[in-house]
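Below is one structure, written out as structure tokens; comments come after it.
Read-outs: derived from the displayed coordinates by stated rules, not from any lab. From a predicted model like this one, the values you see are computed outputs, not experimental measurements. Neighbour counts run over all protein chains shown; Cβ positions are idealised from the backbone, glycine included.
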Protein chains: 4
Amino acid sequence: MKVTVWNENRHEKQNSVVADIYPEGIHGAIASFLKEESLDVNTATLDEPEHGLTDEVLNNTEVLLWWGHMAHDEVDDTIVEKVRQRVLDGMGLIVLHSGHFSKIFKKLMGTSCDLKWREADEKERLWVVEPSHPIMDGIGQYIELEKEEMYGEHFDIPAPDELLMMSWFEGGEVFRSACTYRRGQGKVFYFRPGHETYPTYHNEEIQRVIKNAVRWAAPTPRTKPVYGNVKPIEQIEAKMK
Amino acid sequence: MKVTVWNENRHEKQNSVVADIYPEGIHGAIASFLKEESLDVNTATLDEPEHGLTDEVLNNTEVLLWWGHMAHDEVDDTIVEKVRQRVLDGMGLIVLHSGHFSKIFKKLMGTSCDLKWREADEKERLWVVEPSHPIMDGIGQYIELEKEEMYGEHFDIPAPDELLMMSWFEGGEVFRSACTYRRGQGKVFYFRPGHETYPTYHNEEIQRVIKNAVRWAAPTPRTKPVYGNVKPIEQIEAKMK
Amino acid sequence: MKVTVWNENRHEKQNSVVADIYPEGIHGAIASFLKEESLDVNTATLDEPEHGLTDEVLNNTEVLLWWGHMAHDEVDDTIVEKVRQRVLDGMGLIVLHSGHFSKIFKKLMGTSCDLKWREADEKERLWVVEPSHPIMDGIGQYIELEKEEMYGEHFDIPAPDELLMMSWFEGGEVFRSACTYRRGQGKVFYFRPGHETYPTYHNEEIQRVIKNAVRWAAPTPRTKPVYGNVKPIEQIEAKMK
Amino acid sequence: MKVTVWNENRHEKQNSVVADIYPEGIHGAIASFLKEESLDVNTATLDEPEHGLTDEVLNNTEVLLWWGHMAHDEVDDTIVEKVRQRVLDGMGLIVLHSGHFSKIFKKLMGTSCDLKWREADEKERLWVVEPSHPIMDGIGQYIELEKEEMYGEHFDIPAPDELLMMSWFEGGEVFRSACTYRRGQGKVFYFRPGHETYPTYHNEEIQRVIKNAVRWAAPTPRTKPVYGNVKPIEQIEAKMK
């Protein structure tokens, strides 16, 4: 399966804390553990031509992962619309952490995707609520992260098709942290953790969820639906003319 | 409750068949039966300034109904975005028939909203599948329409929060015809029937569904959610500083 | 609307802490605030003949509330099945707190309805996640209870039709605390708070949720569905003989 | 993966039409095409001791298929409860056609599972409504069956977690024909077609759906959830004592 990991890749260049945690960038870290799964993994970043998402790249991507934060506005609307069309055509999309505010996620959801947040080194526990889902494969009762940024409800998203995990935060909030959606022929997964100043993507359980999600989001091979003007069943065709 | 019925109002001007069925326009017909419910009903149409949807009108509308077909592209993007913000702020939205392809519905859904169609004077039966829903109040097992345009699956929408009715068409197709969604603080209802060349909105059962939907879509009085940077619970505030 | 509040009413008799908080019983406290809503409210308890749920009572109840805990097993299976049939026929059912383990709730859900729990005087915050729902009418961002019993995930229920509130607990857990279901013609609402040793049902926001839920759960007036062997549409009836 | 195909196997013995279509029984036909998928497939039938569902068989079954019709009442309640526990523990369950009225399906759903029906050699078209779902892998826009028994709405089931296909019937009805549910750790799939007097299970597209469903329903490997009394996070354990 062909996977592309897209990253804004700005914090890594501007903040030595982030660069120390992710010397190959967040995209590099994610690509690295996905490669353990014998997937065909490539990366793309904001400052490449066409953000690294040329038609050739997109047409050959079966699952796209998206991490962005400080430069959502710099993502070109034309590219965003191409990504959306590819999702509707069947490409899987995994949106990570602050990607909740990316143009592509907001466009697919239709809502503001707003939320509460706080940076206070809080403990987070992600509790499993849908234990039979394949994305929860191998995950225990919860995943605990010693320190993370808090995201709190109300999270302004459409009710997810499936709610897989709910987060607890030390400071008093909860959050719908692992949500699936189907849009057109494509599958979309939002996964909350991953603030750039914490080593979250080095956590093996977080990696496991993302690996599972990539497999879950793979396109389902099918003839594409037909839209537009169509004929009736033969039996009544004569009558209807 | 303040209700605004929006209509493109073009077929009525250009096609005498439509004008004969709806001498006051589709908006006039809908407004007329809604007024029986002691609602405060106004209308707005495409060719009015700002399509009749000024800030004053929108800010005073609690539920907006939308019928459009041949001129979706002429609806101004700025107005569409204002309507979307109002829905996210709590205004109810009822999208009728060919409104599936309106800018506002597509923007709130995030998908293409495409479908199959056929104009062949086919019998339609709308079967109730969620009988306890308030929008189904007073409706029997199904509503039968002697002649309607066919809309067929695949209908490229997000899975509805609630599927209330499924249509059967003589020529061999089915359709998800009555779908509810929540978006932000607002409620959205899509209702399939209502091709302009048939007297569908004169059908009392169809009227009943729309009346019920208006009541269901009324805003829920609440303090609006708070978004952005927030403080933790007091007990750990000190620790977190 | 006719409402019956059912309560096990055992803790009140055996534990003076509970009796002090609820001198008229939990059922009495709930009936008392529901009466403010000009509803026709009655109560029924375990130790009455037929648990107070005679055919006459059930046939005249439009919404039933259920609080039980230490004596679920003493509820007669025949009565439970009668209640289930009434729900399928349209009666609303509101299951409170430890009622998650009641026979009626387990029978309607099909799962174990098991969960984690802890009695440790913990702070609970119930966060609103579906702000446009009528049961959330008048509720702010969250309801805070200074001390409650903890219930934690995994809660072994079917995914709710609508998830309205999620609880945060001081000790590290989260819970799906306000869940709606449709079963047959009836509406079911599960609402978590209400441990007998805390004055939870004296909290006005908790009361508001329950009042809203009673209105939401009211039966929808409709012709009942027809089941069994049926005829086809007239057009093809001849052909099919 | 270990799969058990359970069949009532009575029509095959009593009706030569059925015996001619399914000389090895419905279970034999289903087992035969599942074996093409390199699955470890066994069968079990009503008239075997313990209906062929001994503890050893059940504990070694990862996905169970269920076809029953005329003898639902003869299935032993103890066996039904064992099957239910296995589903809640993670075993997949695929319920076929008239299995909608089986004790196991009704117990897991909590509703009557009633529906309309008619035996009139009607054309059925099963339309895909959730094209990205893995159970729809390889399926076109719809599956057409020249002759089948009609099942019509209202189908008294809980709203499915995912609605994958909707049936159109010549005589005027529609039906939710392919429905997924999660119950406990287990996945449940209901699939409508398969009346005993038609060669439905010889149809390759129907076979494809069932093959896909078996893979989808496979248990997800996880530590089982912990229920009951639990401790809080360490940080506040002292305070809470």
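Annotations for the structure displayed:
- About its Cα centre, the range B:87-219 has a charge dipole of approximately 640 debye under the convention of +1 per Lys or Arg Cβ and -1 per Asp or Glu Cβ, with nothing else charged.
- Peptides ranked, highest mean first, by Cβ atoms within 10 Å: ranges C:71-83, D:127-139: D:127-139, C:71-83
- Copies compared at D:Glu50 - label distances in nm, ascending, label defined 7 Å from Cα in the Cβ direction: 4.1, 6.2, 7.4
- Using the Karplus relation 6.51 cos²θ - 1.76 cosθ + 1.60 with θ = phi - 60°, the per-residue 3J(HN,Hα) values for the range C:40-51 come to 8, 10, 10, 10, 8, 9, 3, 7, 6, x, 6, 6 Hz, with x marking Gly and Pro.
- Taking amide H as placed 1.01 Å from N in the peptide plane, the amide H of B:Glu162 sits under 5 Å from that of B:Thr180, each at least 5 places away or on another chain.
- Residues whose placed amide H lies under 5 Å from that of A:Val75, excluding near-sequence neighbours: none
- Segment A:Ala19-A:Lys239, extension gain: residue separation times 0.36 nm, minus the distance between their alpha carbons: 72.1 nm
- In whole angstrom, chain A maps to an equivalent ellipsoid with semi-axes of 33, 21, 17, each derived as √(5λ) from the alpha carbon gyration tensor and ordered largest first.
- Taking the Cα centre of the range C:5-58 as reference, the dipole from Cβ charges on Lys and Arg (+1) and Asp and Glu (-1) amounts to some 240 debye.
- Inter-chain Cβ neighbour count for B:209-221, averaged per residue, equals 2 (cutoff 10 Å, partner chain atoms only).
- The angle separating the long axis of helix D:25-35 from the principal Cα axis of greatest extent in chain D is about 60 degrees.
- The other copies place their B:Met70 label points at 5.4, 6.0, 7.5 nm from this one, listed shortest first, where each point is 7 Å from Cα along Cα→Cβ.
- Under the convention that each Lys and Arg Cβ holds +1 and each Asp and Glu Cβ holds -1, the size of the dipole of chain D around its Cα centre is about 1300 debye.
- Considering all different alpha carbon pairs of the range B:153-241, the Kirkwood hydrodynamic radius works out to 16.9 Å.
- Average other protein chain Cβ within 10 Å of Cβ, residues A:171-180: 6
- Nearest residue to the symmetry axis between B and A, taken on chain B by its Cβ, in whole Å: B:Gly110, 2
- The HN-Hα couplings worked out from phi for the range B:71-80 by the Karplus form 6.51 cos²θ - 1.76 cosθ + 1.60 (θ = phi - 60°) are 10, 3, 5, 7, 6, 5, 4, 5, 5, 4 Hz, whole numbers, x standing for Gly and Pro.
- Under 20 Å from the B:Gln85 label point (7 Å along Cα→beta-carbon), backbone N, the range B:38-52: B:49-52
- Across the range C:152-205, the mean sequence separation of Cα contacts (distance under 8 Å, 6 or more residues apart), normalised by length, yields a relative contact order of 25 percent.
- Once the C-beta distance of A:Ser38 and A:Lys224 is scaled by a Förster radius of 30 Å, the resulting FRET efficiency is 0.60 to the nearest 0.05.
- Over the range B:105-186, the alpha carbon radius of gyration divided by the compact-protein estimate 2.2 N^0.38 Å works out to 1.15.
- Shown in residue order for the range A:196-207 are the 3J(HN,Hα) couplings computed by the Karplus curve 6.51 cos²θ - 1.76 cosθ + 1.60 at θ = phi - 60°: 5, 8, 10, x, 4, 6, 8, 6, 5, 6, 4, 4 Hz (x for Gly and Pro).
- Cα Rg, Dmax (largest Cα-Cα span) when computed across the range D:181-223, Å: 13.1, 44
- Relative compactness, the range C:1-142, computed as alpha-carbon Rg over 2.2 N^0.38 Å: 1.09
- Restraint check, C:Lys231/D:Lys187; C:Lys107/C:Lys224; C:Lys123/C:Lys211; A:Lys224/D:Lys211; B:Lys2/B:Lys107; C:Lys103/C:Lys187, Cα-Cα greater than 27 Å: C:Lys231/D:Lys187
- Computed over chain B, relative contact order equals 20 percent, with contacts defined as Cα pairs under 8 Å that lie 6+ residues apart.
- In summary, the convex hull built on the alpha carbon positions of the range B:97-143 has an orientation-averaged projected area of 4.8 nm².
- Sorted shortest first, the distances from the D:Pro199 label point to those of the same residue in the other copies are 5.0, 6.4, 7.6 nm; each point sits 7 Å from Cα along Cα-to-Cβ.
- Convex hull per residue volume in Å³, alpha carbons only, for the protein assembly as shown: 171 Å³
- Of the three principal axes defined by the Cα atoms of the range C:55-131, the extents in descending order read 42, 33, 22 Å.
- In this structure the amide hydrogen of C:Lys187, modeled in the peptide plane, comes within under 5 Å of the amide hydrogens of C:Gly92, C:Leu93, none closer than 5 places in sequence on its chain.
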